Amino acid sequence: MTPEIIGLLVHAEAGLGILHRLTGVIVQHQGDIVSVEILENNHHDSRIYFEIALPSPVAALESDLRALPIVKSVETVNSFQRIYGKRIIIVGGGAQVGQVAIGAISEADRHNIRGEHISVDTIPLVGEQTLADAVRAVARLPRAKALVLAGSLMGGEIEQAVREVRQSGLLVISLNMAGSVPEAADLVVTDPVQAGVMAVMAVADTAKFTVERLKRRVF
């Protein structure tokens, strides 16, 4: 049986070694930390969010964490996976990003009503290096399943970044644009609204659509 992934928000004192002491207690309960984020760290307080695959009841872990002198409070919360689910990331020029988002948000709404959890993130950017950095950063984002590149001209370092993130398993969809990025993407879609729709369909468990079964990759 796969352990349940829980979210745990810990409010603790600030100082050196705080994370080490917290994770030590989690390990004692056989908790597998799948994600951790420091939400706040100032001179007085730190707030740390964990997502943990926990095989035992969470109440015992909460009790032992609260017993640490450095801990002020512990709260069990729903994980980001349960709330926001899979993420579609849209990067590129503002107008194109907006049109892709229309398709992605509309399609995500349809699947989320049926029990999915799919969220859409957008950022309008310009510049080859800026876009290449953004593409590479998507591979480091938690729960990111698909990247849509929405622009009119992308190539060079951006193409290399696309090839790198695809090797990590990220699905990359490109608008049918000038430059070499379309050659590097998994899927090329001319209509930006359709690109957003297809990105959501490709990652949704409630959709009968897989990129691998397509007989062509340009639409």
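What is the number of the single condition among (1) of a type outside the set (Phe, Trp, Tyr); (2) within 20 Å of Ala204 (Cα to Cα); (3) under 19 Å from the mean Cα position of the chain (by Cα) that Arg136 does not meet?
Condition (2) is where Arg136 drops out.
Might you check whether a residue that is among the β-branched types (Val, Ile, Thr), out of contact with any Cys (no Cβ under 8 Å at 6 or more places or on another chain) and part of a helix (DSSP H, G or I) occurs anywhere in segment 71-86?
Residues of segment 71-86 that are among the β-branched types (Val, Ile, Thr), as a first pass: 71, 74, 76-77, 83.
Add one more test, that the residue is out of contact with any Cys (no Cβ under 8 Å at 6 or more places or on another chain), and what stays is 71, 74, 76-77, 83.
This time we only want the ones that are part of a helix (DSSP H, G or I), so: 83.
Yes, there is a match, as at least one residue in segment 71-86 is among the β-branched types (Val, Ile, Thr), out of contact with any Cys (no Cβ under 8 Å at 6 or more places or on another chain) and part of a helix (DSSP H, G or I).
For segment 166-205, name all the residues that are under 14 Å from Lys145 (Cβ atoms) and in a loop (DSSP other than H, G, I, E, B).
In the first step, residues of segment 166-205 are kept if they are under 14 Å from Lys145 (Cβ atoms); the result is 166, 168-173, 186-187, 196, 198-205.
Selection gives Ser168, Gly169, Leu170, Asp186, Ala204, Asp205.
Take the conditions assigned by TED's automatic domain parsing to the domain that holds Leu175 and assigned to a helix (DSSP H, G or I) and apply them to Val91. Does it pass? Spell out the reasoning first.
Values: assigned by TED's automatic domain parsing to the domain that holds Leu175: yes; assigned to a helix (DSSP H, G or I): no.
Considered against the rule, which asks whether it is assigned by TED's automatic domain parsing to the domain that holds Leu175 and assigned to a helix (DSSP H, G or I), Val91 comes out as no.
Answer with yes or no whether Ala53 is in the same structural domain as Arg136 (by TED's automatic domain parsing) and in contact with a Pro (Cβ under 9 Å, 6 or more places away or on another chain). Break it down into steps so the answer makes sense when it comes.
Working: in the same structural domain as Arg136 (by TED's automatic domain parsing): no; in contact with a Pro (Cβ under 9 Å, 6 or more places away or on another chain): yes.
Answer is no for this residue.
Count, please, the residues in segment 84-99 that happen to be closer than 21 Å to Leu153 by Cβ, touching a residue at least 40 places away in the same chain (Cβ under 8 Å) and surrounded by fewer than 17 Cβ atoms within 10 Å (Cβ to Cβ).
Step one: filter segment 84-99 for residues closer than 21 Å to Leu153 by Cβ, giving 89-99.
Filter once more, so that each one left must be touching a residue at least 40 places away in the same chain (Cβ under 8 Å): 89-93, 96-97, 99.
Pick out the ones that are also surrounded by fewer than 17 Cβ atoms within 10 Å (Cβ to Cβ) and you get none.
Total satisfying the criteria: 0.
So which of Ile123, Ile173, Ile102 is buried (at least 19 other Cβ atoms within 10 Å of the Cβ) and at pLDDT 90 or above? Give the derivation first.
Values: Ile123 fails: buried (at least 19 other Cβ atoms within 10 Å of the Cβ); Ile102 fails: buried (at least 19 other Cβ atoms within 10 Å of the Cβ).
Exactly one of Ile123, Ile173, Ile102 is buried (at least 19 other Cβ atoms within 10 Å of the Cβ) and at pLDDT 90 or above, namely Ile173.
Which condition number in (1) under 29 Å from Met177 (Cβ atoms); (2) modelled with pLDDT of 90 or more is the one that Gly93 fails?
So the condition that Gly93 fails would be (2).
Tell me whether segment 36-50 contains one or more residues that are crowded, with 17+ Cβ neighbours inside 10 Å, over 30 Å from Val189 (Cβ atoms), of a type in the set (Asp, Glu) and not assigned by TED's automatic domain parsing to the domain that holds Leu149.
Scanning segment 36-50, I find no residue that is crowded, with 17+ Cβ neighbours inside 10 Å, over 30 Å from Val189 (Cβ atoms), of a type in the set (Asp, Glu) and not assigned by TED's automatic domain parsing to the domain that holds Leu149, so the answer is no.
Restricting to segment 182-206, name every residue that is among the charged types (D, E, K, R) and under 16 Å from Tyr84 (Cα atoms). Please lay out each step first, then the result.
Within segment 182-206, the subset among the charged types (D, E, K, R) is 183, 186, 191, 205.
Within segment 182-206, Asp205 is the sole residue that qualifies.
Can you go through Ala150, Ala161, Ala184 and tell me which one is crowded, with 20+ Cβ neighbours inside 10 Å and in contact with a Gly (Cβ under 8 Å, 6 or more places away or on another chain)? Even if it seems obvious, please write down each step before you answer.
Numbers: Ala161 fails: in contact with a Gly (Cβ under 8 Å, 6 or more places away or on another chain); Ala184 fails: in contact with a Gly (Cβ under 8 Å, 6 or more places away or on another chain).
Unique residue meeting the criteria: Ala150.
The values are calculated or read from the model by the stated rules, or taken from the named source; none is laboratory data. Fair warning: this is a prediction, and the values are worked out from it, not measured in the lab. In this analysis, Cβ positions are derived from the backbone assuming ideal geometry, glycine residues included, and neighbour counts consider all displayed protein chains.
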